[in-house]
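The values are calculated or read from the model by the stated rules, or taken from the named source; none is laboratory data. Since the model is a prediction, treat every value here as computed from it, not as a measurement. For neighbour counting, all protein chains shown are included, and Cβ atoms are generated from backbone atoms with ideal geometry for every residue, glycine included. Each accessible area value is taken on the protein alone, full model and side chains, heavy atoms only, with ligands, DNA and RNA left out. Shrake-Rupley method; radii C 1.70, N 1.55, O 1.52, S 1.80 Å.
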Amino acid sequence: MVRRIGILGGTFDPVHIGHLRGALEVAEMFDLDELRLIPNARPPHRETPSCSAEDRLAMVRLAVADLPPLAVDARELERDRPSYTLDTLISLRAELAAEDQLLLIVGWDAFCGLPTWHRWEELLDYCHILVLQRPDAGSEAPQALQDVVAARSVPDPQALAGAAGQIAFVWQTPLEVSATQIRQLLASGKSVRFLVPDAVLAYINAHGLYRASN
């Protein structure tokens, strides 16, 4: 039986309800067998995370506990080099059957920045790309990306065919929550209750994460 695996990368610094709700909606919409949250170790395009890899991984594990089909994949944290999505896709593909579908989930802003990614033209050799678009997305994709979209996109996200090679767009209204906002609230001593899962909040409090002294 063909399996359908989604992957969602991020620093998850910290993981919050916006990540989890968006991931769960995609998992249900596409009837995914599994949707793996993959914490980045040293993301090439972003600043160094505030928390250690160990803390961020622990929080994601707490967040998805008993929440199938969401799962955690720690492979990027096990690398002693920057986290390149292509390397992750290659290693994942090697573990799957040839016909299994691998769906890389990215937001609109990240998708527009794809031409700056390491060997980005090869991504579609290993996966389909599922782009989450929000109604207020006003920017246009760069020309290099527009050409790929014209050649590889499908109008119906449910019609992704084969193991890899296509692009689909999904309209999604995300929760207005950001990790930056959560870190700022915690640094100023304010509550982030209901912005992160209770188990994650308990971990943050127990370890004194994101406080001003950090």
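Tabulated values for the structure
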| item | result |
| --- | --- |
| Per residue value of the accessible surface for the chain (all protein chains in place, 1.4 Å probe), Å² | 49 Å² |
| Dipole magnitude of the chain about its Cα centre (Cβ charges: Lys, Arg +1; Asp, Glu -1), debye to nearest 20 | 680 debye |
| Expected-Rg normalisation [2.2 N^0.38 Å, Cα atoms] applied to the stretch 73-140 | 1.22 |
| Leading residue at positive end of dipole, the chain (Cβ point charges), from Val149, His128, Ala206 | Ala206 |
| For Leu35, distant residues with modelled amide H under 5 Å away | Gly6, Leu70, Ala71 |
| Nonlocal amide H pairs with Arg134, under 5 Å, H built at 1.01 Å | Trp108, Gln172 |
| Whole-number percent relative contact order across the stretch 1-84, with pairs defined as alpha carbons under 8 Å at least 6 apart | 37 percent |
| Bins of 5 Å, starting at 0 and running to the largest distance - Cα pair percent for the stretch 113-214 | 2, 10, 16, 15, 11, 10, 12, 13, 9, 3, 0 |
| Size-normalised alpha-carbon gyration radius of the stretch 1-131, reference 2.2 N^0.38 Å | 0.99 |
| Helix 198-207 vs. the chain, principal-axis angle (Cα, 0 to 90°, nearest 10) | 50 degrees |
| The chain, relative contact order in percent, only Cα pairs under 8 angstrom and at least six apart counted | 24 percent |
| Karplus-derived 3J(HN,Hα), 6.51/-1.76/1.60, for each residue of the stretch 66-79, Hz, glycine and proline x | 6, 10, x, x, 6, 8, 10, 10, 9, 4, 6, 6, 8, 9 |
| Among Val131, Val170, Val148: highest mean-square fluctuation, GNM of the chain, C-alpha pairs under 10 Å | Val148 |
| Net charge contributed by nearby residues that have their C-beta within less than 14 Å of Ala202 (K/R +1, D/E -1) | 0 |
| Cβ-placed point charges (K, R +1; D, E -1), dipole of the stretch 50-118 about Cα centre in debye, nearest 20 | 140 debye |
| Hydrodynamic radius of the stretch 160-211 per Kirkwood, over alpha carbon pairs, in Å | 13.7 Å |
| Three-way shape label, the stretch 104-167, alpha-carbon gyration tensor, a/c 1.5 | oblate |
| Most mobile listed residue (Ala150, Ala74, Ala199) in the chain, GNM with C-alpha springs under 10 Å | Ala150 |
| Rounded percent of accessible protein surface that carbon and sulfur make up, the stretch 1-76, 1.4 Å probe | 48 percent |
